[in-house]
Amino acid sequence: MRLHVVDHPLVAHKLTTLRDERTDSPTFRRLADELVTLLAYEATRDVRTEQVDIRTPVGPTTGVRLSHPRPLVVPILRAGLGMLDGMVRLLPTAEVGFLGMVRDEETLEAKTYATRMPDDLSGRQVYVVDPMLATGGTLVAAIDLLIERGADDVTALCLLAAPEGVEAMERALAGKPVTVVTAAVDERLNERGYIVPGLGDAGDRMYGTV
Ligand code: URA
């Protein structure tokens, strides 16, 4: 697994405003969307392309276009939905799948409650979006499922990560074709599983739930 922390002043600026408890839901959603687009620019550096011959008004040239099969973008419900638009803005021809995951409060394991994506992901590049990499349980389960279905290149985009989550992913996904792209790795997780200093509950802040 590779970790890529995007070091850019605009990323840091938007993340700081997202963290601020005074930022209201409409502003939070807009900033999260903009931040995703900046992260997506970095995350798609290795998106597969193929050569294509075209004509400009002046003459022939050779360029590139995204190759087939098309990349798949998978938001993890609920909070991942707030990252979908920013992602497909850069990859408008991507297919979109959905994964609903919830943590079983008894076993503490991530359980899948909804899956809507192709059964066969052979040869596909997949971009999973989930704002908070906290314990890593949900993302590991999601990525295992994608790799089981044949995905051969998985990139997870997270607004923020905790060191505990990054370590858990490194342990569980060692040697697998996985990259994590995030705006920052924070200090730690607290006893309630929140990232510190973090930004609070991303889903609640996006959707205004109290
Ligand atoms: N999920 C969140 O929304 N926030 C955290 O800090 C950790 C997990």
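Readers should treat all values here as calculations from the given coordinates under stated rules, not as data from a laboratory. Please read all numbers here as calculations on a predicted model, not as lab measurements. Backbone-built Cβ (ideal geometry, glycine too); neighbour counts: all protein chains shown.
Overview of results
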{"read-out": "Two-site FRET efficiency, Glu106 against His13, from Cβ-Cβ distance with R₀ of 41 Å, rounded to 0.05", "value": "0.50"}
{"read-out": "With Cα atoms, 0 to 90° folded angle of helix 9-19 axis to the chain main axis", "value": "40"}
{"read-out": "Between helix 25-43 and the chain: long-axis angle, C-alpha atoms, 0 to 90°, nearest 10", "value": "50"}
{"read-out": "Zone residues, the stretch 33-53, relative to Asp85, backbone N less than 16 Å from point 7 Å out along Cα-to-Cβ", "value": "33-38"}
{"read-out": "Most mobile listed residue (Ser67, Ser122, Ser25) in the chain, GNM with C-alpha springs under 10 Å", "value": "Ser67"}
{"read-out": "Under 19 Å from the Glu95 label point (7 Å along Cα→beta-carbon), backbone N, the stretch 117-142", "value": "117-129, 142"}
{"read-out": "Calculated Rg and Dmax of the stretch 82-210 using C-alpha coordinates, Å", "value": "14.5, 41"}
{"read-out": "Amide hydrogen neighbours beyond the local backbone of Val180, cut-off 5 Å, H modeled", "value": "Arg2, Leu3, His4, Ala156"}
{"read-out": "Distance (nanometres) between label positions extended 7 Å along Cα→Cβ at Gln51 and Val64", "value": "1.3"}
{"read-out": "Over the chain: helical MRE at 222 nm, DSSP H runs n ≥ 4 each giving -39500 (n - 2.57), nearest 500", "value": "-9500 deg cm²/dmol"}
{"read-out": "Cα centroid separation - the stretch 141-210 against the stretch 108-134, whole Å", "value": "12"}
{"read-out": "Nearest-ten-degree value, helix 163-172 long axis tilted from longest Cα axis of the chain", "value": "60"}
{"read-out": "Sites Val196 and Tyr113, calculated FRET efficiency, Cβ-Cβ separation with R0 30 Å, nearest 0.05", "value": "0.60"}
{"read-out": "Computed Kirkwood radius, in angstrom, where 1/r is averaged over Cα pairs of the stretch 23-108", "value": "15.5"}
{"read-out": "Packing rank of 157-169, 50-62, where each peptide gets the mean count of other beta carbons within 10 Å, highest leading", "value": "157-169, 50-62"}
